[in-house]
Ligand code: NDP
């Protein structure tokens, strides 16, 4: 047994940038055929092109992960091309940060739709092929704030905590079918999402990270790769915190 995904087919949502892009490229480098879904089709295409240039195989899809017809099409097309679906990485996520008193209904709904409903739609659609194959891996990208909460992120933290409960429930339902479901909880990772932080907040955060740096998208992708591999067959319903020690001692 080796850490290879040869012969596996993976769907990665939010694959156009940041963590999702690194996950798509890392799974492809390990041998998986990757369906890359991103809101902006050009971003998905760019990632698929990079995977193919590196010798891998990829399909690109543009669309909203919270739209049932988009998800249906993506899964249908992936199965049509590759006849199986082994791995789903629910990574697409957004923030609409503000204090609760000022939070608009749209801020709440948009975050819950993308971060939680998107994962529900993709996981549910993937279960049928996974059950047929008696093998499957679902990895939900949560966040350390889903464990700790965060001022100014009530919507986002609630969506990420809900993803953890979703993960555990799917793990309980699917364990006997050869399908595992785990969550990854990243700390502060260098992507467009964290570039938006004010410099003082970045400096303050940096001081609280024991390993002394923000994470890279690849730091998360390697953890996801492990959970998708045969080596992780006995791990399910867990939260894999990858945060450079940020939450240790909290
Ligand atoms: P980015 O903002 O850098 O990228 C988000 C990706 O998700 C983009 O490719 C974007 O598409 C896609 N996306 C957003 N909304 C949708 C949607 N409705 N449908 C389809 N695709 C969508 O985010 P990160 O890479 O930083 O974050 C990835 C995940 O990791 C998120 O779930 C986030 O919550 C989580 N996370 C990130 C942390 C961090 O420090 N960065 C920390 C903890 C968790 P497009 O490119 O087309 O716009």
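What follows is calculated from the coordinates using simple rules that are stated; it is not laboratory data. A quick note: this is a predicted structure, and the numbers were derived from the prediction, not measured. As a convention, Cβ positions derive from the backbone with ideal geometry for all residues, glycine included, and neighbour counts pool all protein chains shown.
Here are the numbers for the structure shown:
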quantity	calculated
The chain: relative contact order in percent, alpha carbon pairs under 8 Å with at least 6 residues between	20 percent
Nitroxide proxy distance, nm - points 7 Å out along Cα→Cβ at residue 110 and residue 200	2.6 nm
Region 71-189 shape via C-alpha gyration tensor axes, a/c threshold 1.5	prolate
Rounded FRET efficiency, nearest 0.05, which uses the C-beta distance separating residue 250 from residue 73 and R0 of 30 Å	0.15
Theoretical ellipticity at 222 nm over the chain - DSSP helices of four or more residues, -39500 (n - 2.57) apiece, nearest 500	-14000 deg cm²/dmol
Spatial separation of Cα centroids for region 220-250 and region 1-61, in angstrom	20 Å
Cα gyration tensor category, rounded, prolate or oblate, for region 101-152 with a/c compared to 1.5	oblate
Stokes-Einstein translational diffusion, region 9-242 - Kirkwood Rh over all Cα pairs, 1.002 mPa s, 20 °C, in µm²/s	121 µm²/s
Cα gyration tensor, region 165-248 - rounded (a/c under 1.5), prolate or oblate	prolate
